[in-house]
Amino acid sequence: VQGEAPGSPGVPPRPYIPAEVVLPELTFLPLAAGTLLGIVFGASSLYLVLKVGLTVSASIPVAVISITLFRLLAKFGLRQRSILENNIVQTAGSAGESIAFGIGVTMPAVLILGFDLEVMRAVLVSVLGGLLGILMMIPLRRALIVQQHDSLKYPEGTACAEVLKAGATEEERRIAARAAGGVVVADAAAAPAARAAGAAGGDAAAGADAVLPDSGARTIFTGFGIGLLYKTLYKALYFWKEIPERDFKAPFEGGSASVEISPELLGVGYVIGPRIASLMCAGGVLAYLVLIPAIKFFGKGLAGVLPPGTTPIAEMGPDDVRAAYVLYIGAGAVAAGGVISLVRSLPTIWTGMRGGLADIRRRRQDTAASVARLRTDQDLSMRFVLGGSIALIAMIMLASSLRMNLLGAVLIVVFGFLFVTVSSRLTGEIGSSSNPISGMTVATLLLTCLIFLALGWTGPPYYVTALSVGAIVCIAASNGGTTSQDLKTGFLIGSTPSHQQIAILVGSLASSIVLGPILLALNDSATVYVPRVTFEPAAAAAAGAPPAALPTALVAALPAYAGSPPPVPGSYRVLHVQEAGAAKALPPGEYLVGSGGRVAYRISRNFPPELRAVPAQLGGEETLRGPQARRDPATYRVWQKPDDTGGPQGRYLVDRAGVPVYLVDPGINGTHPLRPDGTRVTKYSAPKATLMSYIIKGILNRQLPWALVLLGVMIAITLEMSGAPSLAFAVGVYLPLSSTSPIFIGGLVRWLIDLYLRRQPAHRGFTAEQLTAVGDRGPGVLMASGYIAGGAIAGILIAFSTGVLTNFDDFMTRFMTAHNPLFSGPHEDALSLLPFAALVLVLYLTGRDLLIARRRAP
Amino acid sequence: MAETNPEDFEPFVPASQEMAEFTPKAIVLGALFGILFGAATVYLALRAGLTVSASVPIAVLSIAVFKRFGKSTILENNIVQTIGSAGESVAAGVVFTVPALLFLSHGEDYFKYVTIFVLSAVGGILGVLFMIPLRRPLIVKEHGKLPYPEGTACADVLIAGERGGNLAKMVFAGVFTALAYKFLYGILGLWNETATWFRTKRDGLIPDATLQSDVTPEYLGLGYIIGPKIAGELASGGVLAWLALIPLISWLVPDDRLVKDLSALGFSDGWRAANSHAQWIYRAYIRYIGAGAVACAGVMTLIKTLPTIASAFRESVKSLRGGAGEAKKVRTDDDLGLGVVIGGSLILALIITILPGFPHGEFPGSLLMGLMVIVFGLFFVTVSSRIVGIIGTSSNPISGMTIATLMATCVVFVLVGRTGDVFQSVALCVGALVCIAAANAGATSQDLKTGFLVGATPRRQQIGFIIGVLVSTLVIGGTLFLLDHTYRGAGELHGIGGPKLAAPQATLMATIIKGLLAKNLPWAPVLVGAGLAFMAQMAGANALSWAVGAYLPLSTTFPIWIGGMVKALVDKLANRKEESELSSGMLFATGLVAGGSLGGVLIALVAFFGDSVLHMETPTLLERIDLGNNWKVFGDFKNDVVSGGILCAVVFGVLCWMLFSNARKKLEA
């Protein structure tokens, strides 16, 4: 029946919708809906990648939402949309996630390297990288997707095609059945056909277990609603505490455990599964239950300050130890893990590359002989690809904020083409989730930096050049992988490739433009302008019960306090608490004691008073942004302090006399969580971006705290020796334990569900991979995806609203502190776990198919 | 054959056929092997905290020896194997527990030959006795269900030996290679045992990072036998301790505090002068971190195996009840009587409660101890026997069971108010007896399975065991003392607990007892170690082997890792996933372990001879033979860090290559 090109190696299967049937495809509404969904999932992915350094695939949730949405609209009298239109929605919508991953992994490194995160820079990098990835994939489609249909499975793309087929209309099913050569017996024929197609794809379970989109979408939306509501309740309305925690007392001083009870992290843990989830959390356990207590125990006897710390270890709390030492160890581990994973995937990358290049060569011979193209075999023209690429490169060269030069542009083209090919092949073999994008970025950065080093280009401007090369290649490779999954889906259901390519270009462009500003806004919302001295109310520092008044005799012996005045002025005396034993309720640190022996504040000295800006290094003028702008509307000049002499390195705001007033602690990878008014912010850790910045810094200026970094390298090696992939573990060392512990809980829930699935009689004799595949299509994953999207979107919206509804926010904080035992009180930590337990239970029951019962395919 | 009714199972030698079995020559040879492998096991378990099953190598050797010196029947070979393997399991049980006496307060008073002899004899015989009523339910009734992997492998070896074939060549090649290698460096002193391949300065960027390796054949073979996964876990714990934690601590802790902490632990100025700064930190802090990790991992292992233990016990009790009313007595179904079992165990329990000089407290109260030994012993013998039936002797969680026993005993002692110093030693003895009994029961069941498959007479096997236990017991205590004496460092009373004889499991037992009864542990490092164990478990490693690695010196685990890597390479080249016990590489590696361990004991004997018989003080006998001492140029060469390290690397490389090329050979069977 089909007019397939005879003689092509590995005869491709018939698409679901045959080439000669023309259905509506690239229409306005699906394109708009896809772009919009792409932005939503892109934003939530960006939020996640900043928090924990990973994202989860958006294709299937977008496809499910799209089918349901249009079905709903059809009930209101709009036209029933075709399967091909749904595919366009899914194609346009999937771009956001991959671009967000690329940005989140690379761009925050700019901040760590000591530069500003300008909007234009972020937008340009993502637009250029995203579009370049797609354009480079266009000539690869025929080679990788069509000719190697049998050998490259593209698991996510195949799964997505199954979802789309399950949502096909009756008419489409008839078309499909006729095309398949079967007897036309209404729609029942479609199911066996789908199953046969699944079996042909080497995945017998695919058809049988595909979730019907109706109940699937209900699950996603329920999850989305729960995630959104839950996050709003605690994050904006303070119904309960965000991070229940517990600091261990002596003898295990310095040890602490905490869990950020957020829906999105729980969902991520469920989706990535128990193995990786527990590996990440194991890294957190090493940092919080081994390294921090060990440093505290062994270092508390040291008399002076041990650099890179700024206060004696005896006076540090767990978070201070982490910021001063453990973060460097974690960064070293992440860097080593990145390089090790690169080395490990080199053989894969090499075969991928060789195969890809061979395919291209073969294709060039084929094109000469090719005749009129079928609908399902029409790509965007080669002229468009070449012209577009050249235009993009020209833009890269011209954009001054990228500090690009000719060599950089050449490197982008070389590495970009190399790694887009590799990425596309690897997603075909092992799936998007296992694609070593970080490894390829590390490789790009390593080689770029080494070339720069050889040329003697080691000045700070070249950091940005190197990072821009790495970022564009990273985004291109990431988007190239996603594009290939989408093209595979289209190939299976019979889409027109050129239409898909236009859709993903539009989706990428839109997401790129929006994601840059979101990145900046997230950073601003958690940025703290740190004054010279910070005053933390003692009650907050002592975690719960306010410390009792000190005896008068003791107070009289203390030295008087002279320095910048605290929020409530008065006469104070200074108390140094060395060990937790001295004054029972107080953690170690420096305190101000007010009248009557009441301990009022814990103070931190952030930079020395005698620090002065070097006039030659002063930059432009700036005002404060975010919530602190309300209290200080003055204009300052920016001073980028290049080294550690005389005070911490970083970005300062300086007054007219050249006196530094604030140290600007960025929201991404910052270390000061406390605002001057005593409120706490949750910082974004962006672990992978740290990795990139360390590679650049390590090669180009070689100014790293090497001792700690090398310790981290040793830890990564240790993990590899005991057979665990060190990168996931190292990321866990770098992240706060509170971020990885909810992921671990999510992984445990998934483990329980997998255990249940393994015992099902229907799954007897399945291999571990098949079982995981079954779990990946289950309702639990859809619910978890909903949690992720809902929680992340709520997080972004709340981050945007900081500084807008400040009066309401102040009122809620005060009210809840006074009246809500879950938010503030002696048992706040334990009580806050209750709502989280409910969240976990809902996820578990959904995973067991008990909560939102789904109907199975006939 | 496993599918047919087990009652109708036809062994290799049918029940109706009588042949020579319990002959004097078999008993003598078995006792000899028991002594050799017992002594070798003491050496290996003290140094590396690991043991290697002895049944298969003994069976192979027995066939070879009898082939050369007179004929033998398969049943005689089986008796040799049965008697000989008792030494290994009893020695393992002793070494894992008894040295803990040295770490307990006043425990040293009980660290005497007689005490160790009584402990091992009583524990070993209890294990055999308790196994007698369990044989029919576990070995016979559940023949199809419980594979007993080592026992089956051993039966295969015996049957293969009967049909001809030459497995012993590989084992002998390994033994002689190892002995020659040991002789060259241990007696002649051609190179040093420990190579320092990497050491940073004290004030360097990374202070005190050290990579040392003992270039010994027994570690190499051990690594090959346990395979790359476990070897990697062992060594990775060591890498973390020596290349990350010691530098970190060295960076943080000023010397005056370190010296103070070391003197509090009893390390003299002389000891400090003789050892490196990294070694100071290891002894002052890492030991506690490691012990905390091992203790925490042990408890986690126990919790993980609790369901298995419970169901194993339930199943055994069930089948015991079902199989009671049987009266069919053929040769292959003839056990020692139940009277021997009950009477014997009661007498043994009574002996340990009243024997003078043995830690048990005042008499009427000491009956509690006997009761606990019987109860826990019976329980864990049942469990151990069933678990080795499923997963094999090497994976048997003996240390987990011992920890459980110790904790339960300590809790009982705390409840009845017995927290005095003497009860630390009493609790340890309860743990030791149960540990030895459980370890021996595991080995016994494997041998009974072998006997069941080849058609041996159970009664003769059981008597053989008791002989094996008693004979090997004679040398186990002696070897323990010999090694403890020989491997002392400068300024130390005991070698056990020192760098050469780390005795990780015993430290763990002492840590648990001290923590529960005396409550005087330095909790901060112990808890840091517990955190490490959690981390390893969550990272998907086997927490116990990882934690043992963190406790042991890296110089011990690193050569084991190299052995594991050789195995990985061989497997990769041969493109296979699983290797049976009967491959050429495994046999050669077993030979290396046996030869290396025996060589270690022999060297200790030579040193002892010079010390106690010839009364040579300085230089000692070994120092006089040592070429490096007599020939100064060579001594400087081999003791220099760089050239000595290269020398060790070269000879060890040659050893690795021999293992590799032998493992690539096809086995002529």
Q) Expressed in whole Å with the largest first, what are the equivalent ellipsoid semi-axes of chain A derived from the C-alpha gyration tensor as the square root of 5 times each eigenvalue? A) 50, 31, 23
Q: Can you check what the net charge comes to around B:Y288, using other residues whose Cβ is under 14 Å from the Cβ of B:Y288 (Lys, Arg +1; Asp, Glu -1)?
A: +2
Q.
Skipping prolines and chain starts, which residues have an amide H placed within reach, meaning under 5 Å, of the one on A:Y662, given they are 5 or more residues away or on another chain?
A. A:L653
Q.
How charged is the neighbourhood of B:G599? Take every other residue with its Cβ under 14 Å from the Cβ of B:G599, and add Lys/Arg as +1 and Asp/Glu as -1.
A. -1
Q: Please work out the Kirkwood hydrodynamic radius for segment B:473-609, using every pair of different C-alpha atoms, and report it in angstroms with one decimal place.
A: 18.2 Å
Q. For labels at A:E622 and B:V375 in the simple 7 Å Cα→Cβ model, what's the distance in nm?
A. 7.1 nm
(Q) Between 0 and 90 degrees, rounded to the nearest ten: what's the tilt of helix B:24-48 against the longest Cα principal axis of chain B? (A) 30 degrees
Q: Please report the relative contact order for segment A:588-642, taking Cα pairs under 8 Å with a sequence separation of at least 6, and give it as a percent rounded to a whole number.
A: 26 percent
Q. What's the average, rounded to a whole number, of partner chain beta-carbon atoms within 10 Å of each residue's beta-carbon in A:244-252?
A. 2
Q: Inverting the mean 1/r over all pairs of different Cα atoms, compute the Kirkwood radius of the protein assembly as shown and quote it in Å.
A: 35.7 Å
Q. Which of the listed residues, A:A19, A:Q147, B:S62, is farthest toward the dipole's positive end in the protein assembly as shown, when Lys, Arg count +1 and Asp, Glu count -1 at the beta-carbon?
A. A:A19
Q.
Ratio of alpha-carbon Rg to the 2.2 N^0.38 Å globular estimate for segment A:219-301, to two decimals, please.
A. 1.41
Q. Can you list the residues, at least 5 places off or on another chain, whose amide H is less than 5 Å from the amide H of A:Y601, using H built in the peptide plane?
A. A:A538, A:L592
Q) What list of ³J(HN,Hα) couplings, whole Hz, do you get for segment A:648-655 from phi and the Karplus terms 6.51, -1.76, 1.60, once you set θ to phi - 60° and write x for glycine and proline? A) x, 5, x, 9, 10, 9, 10, 7
(Q) Highest mean first, how do B:17-27, A:525-535 rank when packing is the count of other Cβ atoms within 10 Å averaged over residues? (A) A:525-535, B:17-27
Q: Using a Förster distance of 25 angstrom, determine the FRET efficiency expected from the C-beta separation of B:L627 and B:R202, and round it to 0.05.
A: 0.20
Q. Under Stokes-Einstein, with the Kirkwood radius over Cα pairs standing in for Rh, what whole-number D in µm²/s applies to segment B:398-460 at 10 °C and 1.306 mPa s?
A. 118 µm²/s
**Q.** R0 of 35 Å, Cβ-Cβ distance A:M120-A:A32: FRET efficiency to nearest 0.05
**A.** 0.85
Q: Could you tell me the largest-minus-smallest coordinate of the C-alpha atoms of segment B:522-669 on each of the three principal axes, in descending order and whole angstroms?
A: 55, 52, 33
**Q.** Hits among aspartates and glutamates - C-alpha to C-alpha of A:K231 under 16 Å, sequence gap 8 or more where chains match
**A.** A:E242, A:E260, A:E264, A:D809
Q: Subtract the Cα-Cα distance of A:I390 and A:R758 from 0.36 nm times their separation in residues, and report this length gain in nm to one decimal.
A: 127.2 nm
**Q.** Summed residue charge, Cβ within 12 Å of B:A278's Cβ, Lys/Arg positive, Asp/Glu negative
**A.** +3
Q. Taking the Cβ-Cβ separation of B:I159 and B:V411 as r and a Förster radius of 56 Å, what is the calculated FRET efficiency to the nearest 0.05?
A. 0.70
Q: Give me the number: length gained by fully extending B:V28 to B:D109, i.e. 0.36 nm times residue separation minus the C-alpha to C-alpha distance, one decimal in nm.
A: 25.7 nm
Q. Between A:A549 and residues 5 or more places away or on another chain, which pairs have amide H atoms under 5 Å apart, with H built 1.01 Å from N, and which residues are they?
A. none
Q. Angle between the Cα long axis of helix B:287-322 and the longest principal axis of chain B, 0 to 90 degrees, nearest 10?
A. 0 degrees
Q: Quick one: work out the % antiparallel among DSSP beta bridges in the protein assembly as shown, nearest 5.
A: 95 percent
Q) Could you list log10 I(q)/I(0) for chain B at q = 0.05, 0.07, 0.08 Å⁻¹, which the Debye formula gives when each Cα is one point scatterer? A) -0.22, -0.43, -0.57
Q: Work out how much length B:F69 to B:I342 would gain on full extension: take 0.36 nm times their residue separation and subtract the Cα-Cα distance, in nm to one decimal.
A: 94.2 nm
Q.
Whole-Hz ³J(HN,Hα) for each residue in segment A:387-399, computed from phi via Karplus 6.51 cos²θ - 1.76 cosθ + 1.60 with θ = phi - 60°, x for glycine and proline: what do you get?
A. x, x, 4, 4, 4, 5, 4, 4, 4, 4, 5, 7, 5
Q) Rounded to the nearest whole Å³, what is the per residue volume of the convex hull around the Cα atoms of segment B:1-125? A) 154 Å³
Q: Step through the residues of segment A:405-420 one at a time and calculate ³J(HN,Hα) from phi using the Karplus curve (6.51 cos²θ - 1.76 cosθ + 1.60, θ = phi - 60°), rounding each to whole Hz and writing x for Gly and Pro.
A: 10, 4, 4, x, 5, 4, 4, 4, 5, 5, 5, x, 5, 4, 7, 5
Q.
Which of A:F41, A:F76 has the fewest other C-beta atoms within 10 Å, and how do the rest follow up to the most?
A. A:F76, A:F41
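Only the coordinates and a few stated rules stand behind these numbers; no lab work does. None of the values given here were measured: they were computed from a predicted structure. Please note: Cβ atoms are built from the backbone with ideal geometry, for glycine as well, and neighbour counts cover all protein chains shown.
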